[in-house]
Amino acid sequence: MAKITLSNLAHSYFPNPSGDEDYALKELNHDWVDGEAYALLGASGCGKSTLLNIISGLLVPSRGRILFDDKDVTEAPTAERNIAQVFQFPVVYDTMTVRDNLAFPLRNRGADATYVQQRVQEIARMIGMEEQLNRKARGLTADAKQKISLGRGMVREDVNALLFDEPLTVIDPHMKWELRTQLKALHHEFGHTMIYVTHDQTEALTFADKVVVMYDGRVVQMGTPQELFEQPEHTFVGYFIGSPGMNVLDASVDGTTAIVAGRNVPLGKPYAALTGKVELGVRPEFVQLTSDEGGIPAKIRRVEDVGRHKIVRLDISGQSVDAIIAEADPVPSGSTFVSFDQAGINIYAEDWRVDPIRESAA
Ligand code: ADP
Ligand code: MG
């Protein structure tokens, strides 16, 4: 196992990149702590696979370096990096049995036959394929083949890191949950450094201790699920994570007050003067409906009953706002006012979160 360091890393698929927009991966500095389980989360096309392939050595970055435990591996081929990678679609040897497919990485490294036998059995149990060990892979469903790919990725105990690139895409929903649980168990047992790529926030938040969120070729935040919920560092993190995502409203800020739709919103904390695009972010969980005319006037567009609570879709001078309210709470029809929990408010300038001014110790 290893710590993985990315130092001034950037990648462009163009031979002569000019501006930032030519880079699939903008400059990146990041440490993956030895033994942690990470999810790499972001929308399709944001650079997740590019980053993973650079770590595994399938791709040489245009700029910067990759270190495994301080050893420079930037130019080292995949085989030398001692990494297991599982891709979105199955990669199996059709003419081999399930058993031989699973055993392949071990035999390839000259592992002892008794150990291979025992380890393959263990892995077959984890992926639920003990009954099919002696079958040829040919003719198995895509689902089963992907389980073999996963199993082959997990079979070696001595890898530097395990990389998964949206590995559950072709797996049926019930088995997804099962396999994710197995991966977590594997992490607890062996403590491998794991990076699990997904565009699905639920997968990311349930799999990982730390979630790395990417947006447009950049890592915009790394944090625990709670940190991503409470303090999204970038507006993208706010609305990508959460269901529904964070509300982002045009605002101006004057000291301890924000002005939204012409109304004052007390912030409880002072902010320095902000220029350019200023926005107030507040999650639907922290939006209340009120009859108090001191709130912000809003129109109710729709109410969705989602079981445990209700989602109220509102309109505040042409901007949509969502509120989550308790199942039992009444919803007025037509017009209402909304207010925000101070503790749930974050302020953004040009999409990045701004810290309030530290009040001097008085
Ligand atoms: P993700 O895995 O997050 O969906 P990718 O890393 O595959 O994103 O892609 C990032 C960007 O790089 C996208 O704009 C994609 O079109 C581009 N890209 C990916 N692979 C190649 C390639 N082999 N050649 C040129 N452009 C590529
Ligand atoms: Mg991808």
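Readers should treat all values here as calculations from the given coordinates under stated rules, not as data from a laboratory. In this text the structure is predicted, and so the values were computed from the model without any measurement. Virtual Cβ from ideal backbone geometry, glycine too; neighbours counted across all protein chains shown.
Below is a table of values for the structure above.
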read-out	value
Beta bridges per DSSP with both ends in the chain, % antiparallel, nearest 5	75
For region 212-296: relative contact order, % (alpha-carbon pairs under 8 angstrom, 6 or more apart)	22
Gain upon complete extension [Ser252, Thr169; 0.36 nm per residue less C-alpha separation]	25.6 nm
GNM top mover of Ala343, Ala298, Ala261 - the chain, alpha-carbon springs below 10 Å	Ala343
Neighbour-limited loop hits for chymotrypsin sites (Phe, Trp or Tyr not before Pro), region 5-40 (at most 14 other Cβ within 10 Å; DSSP other than H, G, I, E, B)	Tyr13
Amide H contacts under 5 Å for Thr256, placed H, 5+ residues apart	Tyr271
Sum of -39500 (n - 2.57) over DSSP H runs of 4+, divided by residues of the chain (222 nm, nearest 500)	-7000 deg cm²/dmol
Two-decimal Rg to Rh for region 28-77 - Kirkwood Rh, Cα set	0.95
FRET efficiency, Asp355 to Asp112 (Cβ-Cβ, R0 45 Å, nearest 0.05)	0.20
Estimated vicinal HN-Hα couplings, Hz - region 8-17 in sequence order (Karplus 6.51, -1.76, 1.60; Gly, Pro = x)	6, 6, 8, 9, 10, 7, 8, x, 10, x
Normalised contact order of region 189-243, rounded percent, pairs of Cα under 8 Å and 6 or more residues apart	23
Lys3 long-range amide H proximity, modeled H, under 5 Å	Asp34, Asp69
Theoretical FRET efficiency, 1/(1+(r/R0)^6), r = Cβ-Cβ of Lys71 and Asp158, R0 25 Å, to 0.05	0.95
Volume per residue that the Cα convex hull of the chain spans, once the total is divided by residue count, Å³	185
Pairs of lysines in the chain (C-alpha under 15 Å apart; 8 or more residues apart or interchain)	9
Asn264 paired with Asn29, simple spin-label distance in nm, labels 7 Å along Cα-to-beta-carbon	4.2
Cα centroid separation, region 57-91 to region 283-303 (Å)	50
The chain: relative contact order as a whole-number percent, Cα under 8 Å and 6+ apart	16
Percent antiparallel among DSSP beta bridges (both partners in region 89-224, rounded to 5)	55
